[in-house]
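Enquirer: Below is the structure I would like to discuss, written out as structure tokens.
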Amino acid sequence: MKDVAFGQYYPVESFVHKLDPRLKLLFLIAYIVAIFVATNFYGLAVCAFVLILAVAFSRVPVLKVLRAIRGVLFLVLFTAVLNVLFHTGETVYWQYGILCISKEGILFSVFFVIRLVLLVVCSSLLTYTTTPVSLTDGIESLLTPLKWIRFPVHELALIMSIALRFIPILSDETGRIMNAQKARGADFETGGLIKKIRAVVPILIPLLLSAFRRADELGEAMDARCYMGSKNRTKYKKLTFGWRDAIGFLLGAAMVTGVVLLRVYLTGVV
Amino acid sequence: MRIVAEHLSYTYNEGSPFAVRALDDVSLTIEEGEFYGILGHTGSGKSTFVQHLNGLIRVPSSLKKRKKKPKKGQPVPPETVLNVGEFDLTKRDTNFRALRKKVGMVFQYPEYQLFAETVKEDVAFGLKNFAEKGEKPSEEEIGRAVRDALQIVGLDYGEVAEKSPFDLSGGQKRRAAIAGVIVTKPEILVLDEPAAGLDPLGKREIMELLHTLHREWCKTVVIVSHDMDEISENCTRCAVFAEGKVVYDLPPKELFQKGEELTALGLDIPLTAKLVLALKERGITVDCDFTTEDFIQKVLALKGGGA
């Protein structure tokens, strides 16, 4: 009933939402490469511009996108401080033993922070705009060449999608069981560590039982429908490239080329 | 304990694109001693409503420290009231533990909440949780309470108490789970689809059990159901929920007079009400209270004093 929104998918209709998941995955890979190829601020500016464009066309609220950074905020700040303190340079503002604050150090750490932020925002934009199901579809399709070396691509994708499908079901179930035990006076909030761990038992056991029961039921249902894996299966949702994907592809290609050119012709800015 | 709700609204995932309005300005009073039925489709808000009754879902105002002041010029929304006996559930400092002891809640498929090693331990779970601090009930007291609870739900203490709850049959598991809720003798017992997934005989047995409980143990019984026959046979009064609102709040006898209107709402009506409607179309009026027994009596009377 109160369906916990799984992951971060943000359900609106937009240009980015309608892109082929395969393109989005490839775009993310290209983006990560571009970020690490860029060695100067101009290159990063190109990457940032492309990302701002993508966010604007995804219709996901900017605040929501920025919230993704919160999870890695500590890491970002930590590396920034380390970089400032340990990166030596020519223009030194302050020095104490091996610690020093220099112009180059500050620039380098700003550069690093931008890199990390772009990386995190871009990958979370993918999960904001792509449902888990179409993401696994995309991964399956991209991994198809591995079938030649007898890698069970379809089975792997199936395992992924079943696992993803079960997350909201089990989280619902957890809520239900917690409520049932709360109604019987269970208390999950107060008490010391031992008490809290003990309080989990009345949730964990019914939850495990229910997971096994559901797995059994699903297995039986698949068996009853003669599910045989990947052989001769057709797809309900066929992935097709459209004009949007062409635009996305061109944008990605332009970005990578631009970053590479900027690296070649503008070396040593940072 | 009397249940009074006024202008109760609830939205899941408020402020997100997944927002669902589950309750919309619900006002309902359930008197002490009633056997109250709550009817409605899935998603009509009936489960959301009953989960308010023991504070599993909190009235939004009871979670905020300071009340939001309404903006000037806007109409002031009517104040939400939710009282269960002496508990005011719109307040932040309500003692929810004490409330939950008084309001027992049996969820759908309660057998899935069993967890302990023995039936006795599982039934005693609530008893131990609700015990006041420093007043741990003795083994003897627990044993007695568990024995009483198992007996009233129709299980044999000697036979099942030391068994694992997972070794019981389906119907026994449900009874054991219900025993685990009523063991603290709540004044109000709320059950969400208590007979779901049982065969007709099992259903009847559960309903009989509820009547026994209503007579001997819990003053007020509230059942949530979409089975019209269950409601028409058992309840003193019932509410019909549709899209988060209370559409009707009547005794079953009056409610099922409105057979056609209920059908228009997409709800089923009890078999007896269907028969009454069919007979009405043929010009025969049967004035019964829609229980099977009464219906048969009245029809036989019409036929001429019982054949």
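Enquirer: Test each condition in (1) over 30 Å from B:L56 (Cα atoms); (2) at pLDDT 90 or above; (3) of a type in the set (A, V, I, L, M); (4) surrounded by 12 or more Cβ atoms within 10 Å (Cβ to Cβ) for A:A224 and report the one that comes out false.
Expert: Condition (4) is where A:A224 drops out.
Enquirer: Among the residues of the stretch A:1-18, write down those that are out of contact with any Phe, Trp or Tyr (no Cβ under 8 Å at 6 or more places or on another chain) and either at pLDDT 90 or above or within 11 Å of A:L125 (Cα to Cα) (or both).
Expert: A:H17 - this is the single residue of the stretch A:1-18 that is out of contact with any Phe, Trp or Tyr (no Cβ under 8 Å at 6 or more places or on another chain) and either at pLDDT 90 or above or within 11 Å of A:L125 (Cα to Cα) (or both).
Enquirer: Would you confirm whether or not the stretch B:71-88 contains a residue that is assigned by TED's automatic domain parsing to the domain that holds B:R174, closer than 30 Å to B:G197 by Cβ, at pLDDT 85 or above and of a type outside the set (A, V, I, L, M)?
Expert: If we filter the stretch B:71-88 for residues that are assigned by TED's automatic domain parsing to the domain that holds B:R174, which is where we start, we get B:71-88.
This time we only want the ones that are closer than 30 Å to B:G197 by Cβ, so: B:84.
From what's left, at pLDDT 85 or above: B:84.
So of that shortlist, the ones also of a type outside the set (A, V, I, L, M) come out as none.
Checking the stretch B:71-88: not a single residue is assigned by TED's automatic domain parsing to the domain that holds B:R174, closer than 30 Å to B:G197 by Cβ, at pLDDT 85 or above and of a type outside the set (A, V, I, L, M).
Enquirer: Any residue that is touching a strand residue (DSSP E or B) at 6+ places or on another chain (Cβ under 9 Å) and either in a loop (DSSP other than H, G, I, E, B) or touching a residue at least 12 places away in the same chain (Cβ under 8 Å) (or both) - is there at least one of those in the stretch B:70-77? It would help to see each step written out before you state the result.
Expert: Initial filter on the stretch B:70-77 (touching a strand residue (DSSP E or B) at 6+ places or on another chain (Cβ under 9 Å)): B:77.
Subsequent filtering for residues that are either in a loop (DSSP other than H, G, I, E, B) or touching a residue at least 12 places away in the same chain (Cβ under 8 Å) (or both) retains B:77.
Looking through the stretch B:70-77, at least one residue is touching a strand residue (DSSP E or B) at 6+ places or on another chain (Cβ under 9 Å) and either in a loop (DSSP other than H, G, I, E, B) or touching a residue at least 12 places away in the same chain (Cβ under 8 Å) (or both).
Enquirer: Take the residues in the stretch B:83-103 that are of a type in the set (A, V, I, L, M) and within 12 Å of another protein chain (Cβ to nearest Cβ), then tell me which one is surrounded by the fewest Cβ atoms within 10 Å (Cβ to Cβ).
Expert: Per the criteria, the residue is B:A98.
Enquirer: How do the pairs read when you match residues in the stretch A:179-205 that are facing another protein chain (nearest Cβ under 7 Å) and under 18 Å from B:F96 (Cα atoms) with residues anywhere that are of a type in the set (G, A, S) and surrounded by 13 or more Cβ atoms within 10 Å (Cβ to Cβ), using Cβ under 6 Å and keeping only pairs 6 or more apart or on different chains?
Expert: Between residues of the stretch A:179-205 that are facing another protein chain (nearest Cβ under 7 Å) and under 18 Å from B:F96 (Cα atoms) and residues that are of a type in the set (G, A, S) and surrounded by 13 or more Cβ atoms within 10 Å (Cβ to Cβ), the close pairs are A:R184/B:G126; A:G185/B:G126.
Enquirer: A:N83 versus (1) over 17 Å from A:M255 (Cα atoms); (2) not in a helix (DSSP H, G or I): which is the lone unmet condition?
Expert: Failing condition for A:N83: (2).
Enquirer: Could you say which residue among B:E159, B:E140 is modelled with pLDDT under 90 and loosely packed, with under 13 Cβ neighbours inside 10 Å?
Expert: B:E140
Enquirer: If you scan the stretch B:231-288, which residues turn out to be among the charged types (D, E, K, R) and closer than 23 Å to B:A22 by Cα?
Expert: Those that are among the charged types (D, E, K, R) and closer than 23 Å to B:A22 by Cα: B:R237, B:E243, B:K245, B:D249, B:E261, B:D268.
Enquirer: Which of the residues spanning the stretch A:13-60 are over 18 Å from A:L119 (Cα atoms), surrounded by 14 or more Cβ atoms within 10 Å (Cβ to Cβ) and within 14 Å of another protein chain (Cβ to nearest Cβ)?
Expert: Once the filter is applied, which keeps residues that are over 18 Å from A:L119 (Cα atoms), surrounded by 14 or more Cβ atoms within 10 Å (Cβ to Cβ) and within 14 Å of another protein chain (Cβ to nearest Cβ), the stretch A:13-60 yields A:S14, A:H17, A:R59.
Enquirer: How many residues does the stretch B:231-269 contain that are touching a residue at least 24 places away in the same chain (Cβ under 8 Å), over 13 Å from B:G40 (Cα atoms) and charged (D, E, K, R)?
Expert: Initially, the stretch B:231-269 is screened for residues touching a residue at least 24 places away in the same chain (Cβ under 8 Å), giving B:231-246, B:249, B:252-253, B:256, B:265-269.
Imposing the further condition that a residue be over 13 Å from B:G40 (Cα atoms) reduces the set to B:232-237, B:252-253, B:256.
From what's left, charged (D, E, K, R): B:233, B:237, B:253.
Total meeting the criteria: 3.
Enquirer: Still on this model: Only one of these conditions is not met by B:G202: (1) touching a helix residue (DSSP H, G or I) at 6+ places or on another chain (Cβ under 6 Å); (2) at pLDDT 90 or above. Which number is it?
Expert: (2)
Enquirer: Something else: Could you list, in sequence order, the residues of the stretch B:220-236 that are surrounded by fewer than 19 Cβ atoms within 10 Å (Cβ to Cβ) and either hydroxyl-bearing (S, T, Y) or modelled with pLDDT of 90 or more (or both)?
Expert: Matches in the stretch B:220-236: B:T236 only.
Enquirer: Quick one: which residue in A:S161, A:S210 is surrounded by 13 or more Cβ atoms within 10 Å (Cβ to Cβ) and either more than 22 Å from B:F166 (Cα to Cα) or more than 14 Å from chain B (Cβ to nearest Cβ) (or both)? Break it down stepwise before answering.
Expert: Details: A:S210 fails: either more than 22 Å from B:F166 (Cα to Cα) or more than 14 Å from chain B (Cβ to nearest Cβ) (or both).
Checking each option against the conditions leaves just A:S161.
Enquirer: Looking at the stretch B:160-171, I want the residues that are within 14 Å of another protein chain (Cβ to nearest Cβ) and have a partner that is part of a loop (DSSP other than H, G, I, E, B) and modelled with pLDDT of 90 or more with Cβ atoms under 6 Å, at least 6 apart or on another chain. Which pairs are those?
Expert: Close Cβ pairs (under 6 Å, with a partner that is part of a loop (DSSP other than H, G, I, E, B) and modelled with pLDDT of 90 or more) amount to B:P165/B:L114.
The values are calculated or read from the model by the stated rules, or taken from the named source; none is laboratory data. No experiment lies behind these values; they were computed from the predicted model shown. Virtual Cβ from ideal backbone geometry, glycine too; neighbours counted across all protein chains shown.
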